[in-house]
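Only one structure is covered here, and it is reproduced in the block below.
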Amino acid sequence: MGNIIITGTSRGIGFELVKLFAQGGHQILALSRNARPVLDLQLPNVHAFPFDLGNAEHYNDLATFIKDWPKVDVLINNAGSLLNKPFLETSPEEFKKVYEVNVFGVAEVTRNVLPKMAKTGHVLTVSSMGGVQGSMKFPGLSAYSSSKGAVITLTELWAEEFKETGPSFNVLAIGAVQTEMLAEAFPGYEAPVTAQEMANYIVNFALTGHNLYNGKLLQVSNSTP
């Protein structure tokens with residue numbers, strides 16, 4: 001059984017990931033601005049406290065907690081911030097806020113956790129099909145989709161930089177999943193995949209995918225968007 005850190009766990013895919021990993025007997029640290037949904041599960045092997053990826057002080061809480069873990073086996077960068085707004089109506093502050101979570105937050109969590117990870121560890125980042133070069137793009141998602149493209153490139157760079165010492169790094173560009181975030185981006189659209197179905201796939205890939213992949217982008221989608 002492993003020690004697993006997941007960000008963005010208050011709802012959607014992240015919340016389902018916590019439950020599935022807990023069922024597998026793993027020790028989990030669930031990080032989200034709202035820790036209450038996870039704490040309400042009252043699972044003995046799940047730990048949670050409020051965590052804002054853009055709050056520098058919260059990284060001290062993270063460091064204090066993982067100090068007592070001998071190692072971190074899996075880090076899943078799942079947290080995401082969505083802005084659906086025409087580009088010319090988007091302020092610089094709004095654009096930066098998306099990047100603070102989707103890019104800078106991913107980088108900072110990874111930076112803090114890497115010293116606790118062995119060569120056999122796996123850093124898995126959840127991106128979006130909207131961030132894949134050549135994929136279909138949608139108006140209003142310039143900040144969100146471009147930030148998701150940035151973490152795809154980050155993953156490739158990390159895999160190269162740490163190829164001798166590990167851990168492994170991979171990124172999943174997921175398509176339409178029926179979550180609250182999808183409803184915000186595409187009101188009224190019904191996705192063919194549930195949050196639990198996608199979480200099942202992510203759990204399996206997080207635990208085994210690094211045996212075959214490193215520095216790779218996998219597109220996990222059966223629809224558009």
Mean shadow area of the range 62-117, taken as a quarter of the surface of its Cα convex hull (nm²) = 4.4
Would you mind calculating the gained length between D68 and A56 on full extension (0.36 nm times residue separation, minus the Cα-Cα distance), in nm to one decimal?
-> 2.3 nm
Taking the C-alpha atoms of the range 1-131, convex hull volume expressed per residue in Å³ | 115
Okay, helix-only estimate at 222 nm for the chain: each DSSP H run of n ≥ 4 adds -39500 (n - 2.57), divide by all residues, round to 500 deg cm²/dmol; what do you get?
-> -10500 deg cm²/dmol
In whole angstrom, largest first, the equivalent ellipsoid semi-axes that the Cα gyration tensor gives for the chain are 26, 19, 18
On average, how much accessible surface per residue is there in the range 1-122, in Å², for a 1.4 Å probe, leaving out ligands, DNA and RNA?
-> 49
Residues meeting the amide H criterion for V72 (H placed from the backbone, H to H distance under 5 Å, 5 or more places apart or on another chain) are M117, A118
Report in % the part of the accessible area of the chain that belongs to carbon and sulfur, leaving out ligands and nucleic acids; probe 1.4 Å.
-> 53
Among the lysines in the chain, how many pairs, 8 or more places apart or on different chains, have alpha carbons under 24 Å apart?
-> 26
List the pair-distance distribution P(r) of the range 73-175, using every Cα-Cα distance, as the percent of pairs falling in each 10 Å bin from 0 up to the bin containing the longest distance, rounded to whole percents.
-> 15, 46, 27, 10, 1
Using a Gaussian network model of the chain with C-alpha springs under 10 Å, which one of E156, E16, E164 is most mobile by mean-square fluctuation?
-> E164
Taking R0 as 25 Å and r as the Cβ-Cβ distance between T165 and M136, the FRET efficiency 1/(1 + (r/R0)^6), rounded to the nearest 0.05, comes to 0.10
Stretched fully, the stretch from R33 through N84 gains (0.36 nm per residue minus C-alpha distance, one decimal, in nm) 16.3 nm
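The values are calculated or read from the model by the stated rules, or taken from the named source; none is laboratory data. All values derive from a computational prediction rather than experimental measurement. Don't worry about glycine lacking a Cβ; one is built from the backbone with ideal geometry, like all the others, and counts go over all protein chains shown. Just so you know, the surface numbers come from the protein's heavy atoms only, side chains and all, with ligands and any DNA or RNA stripped out. Shrake-Rupley method; radii C 1.70, N 1.55, O 1.52, S 1.80 Å.
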